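Undergrad: Below is one structure. I have some questions about it.
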Amino acid sequence: MTIDIVQNGAIATGDVYAQPQKTGVLWDAYLIKPFADIQSEYTLMFLSTVIERSIKEHFSYDDKCVWDKASQLYVSLPVDKAGCPDWTYMDSFMSTVLRECESALTSIKEVG
């Protein structure tokens, strides 16, 4: 349950991927692990998407997404009434997004 951030590449610099399975990376990317005990792949996907949207625009092939720079950026997350990250909302949101995508793909298959 880690997140893979690409630090190098003409197009891939700043790309972020959820890695729910055991994984490793080469020299031009790094893995981060949330402090919170994330058990849901959907929550991990939500976090990966939010991180990518927060950092992608800051980096390029000439300005690599190295850890010293990326770790200084802040990511805003939805919070619950107590001000803590709302993991339930993140999980539910991604579950809905994936269901809607699957429904849209099924509709496309039926038309074709």
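Undergrad: Name the residues in the stretch 71-112 that are of a type in the set (Asp, Glu), surrounded by 10 or more Cβ atoms within 10 Å (Cβ to Cβ) and free of Cβ contacts under 8 Å to residues at least 40 places away in the same chain, would you?
TA: Here is the first cut: in the stretch 71-112, the residues of a type in the set (Asp, Glu) are 80, 86, 91, 100, 102, 110.
Now restrict to residues that are surrounded by 10 or more Cβ atoms within 10 Å (Cβ to Cβ): 80, 86, 91, 100, 102.
Result: Asp80, Asp86, Glu100, Glu102.
Undergrad: To continue, here is another question. Out of the residues in the stretch 6-64 that are within 14 Å of Leu77 (Cβ to Cβ) and among the small types (Gly, Ala, Ser), which is modelled with the lowest pLDDT?
TA: Once the filter is applied, the top-ranked residue is Ser54.
Undergrad: Turning to a different aspect of this structure: Which ones in the stretch 25-52 are small (Gly, Ala, Ser) and within 8 Å of Ile3 (Cβ to Cβ)? Give the derivation first.
TA: Within the stretch 25-52, the first condition is being small (Gly, Ala, Ser), and the residues that meet it are 29, 36, 40, 48.
Scanning the stretch 25-52 gives a single hit, Ser48.
Undergrad: Output the residues belonging to the stretch 14-48 that are among the β-branched types (Val, Ile, Thr), out of contact with any helix residue (DSSP H, G or I) (no Cβ under 9 Å at 6 or more places or on another chain) and farther than 16 Å from Cys65 by Cβ.
TA: Quick first cut of the stretch 14-48, residues among the β-branched types (Val, Ile, Thr) only: 16, 23, 25, 32, 38, 43.
So of that shortlist, the ones also out of contact with any helix residue (DSSP H, G or I) (no Cβ under 9 Å at 6 or more places or on another chain) come out as 23, 25.
The answer is Thr23, and nothing else.
The values are calculated or read from the model by the stated rules, or taken from the named source; none is laboratory data. Quick caveat, the model's predicted, so the values are computed rather than measured. Counting neighbours? That spans all protein chains shown, and the Cβs are built from the backbone with ideal geometry, glycine included.
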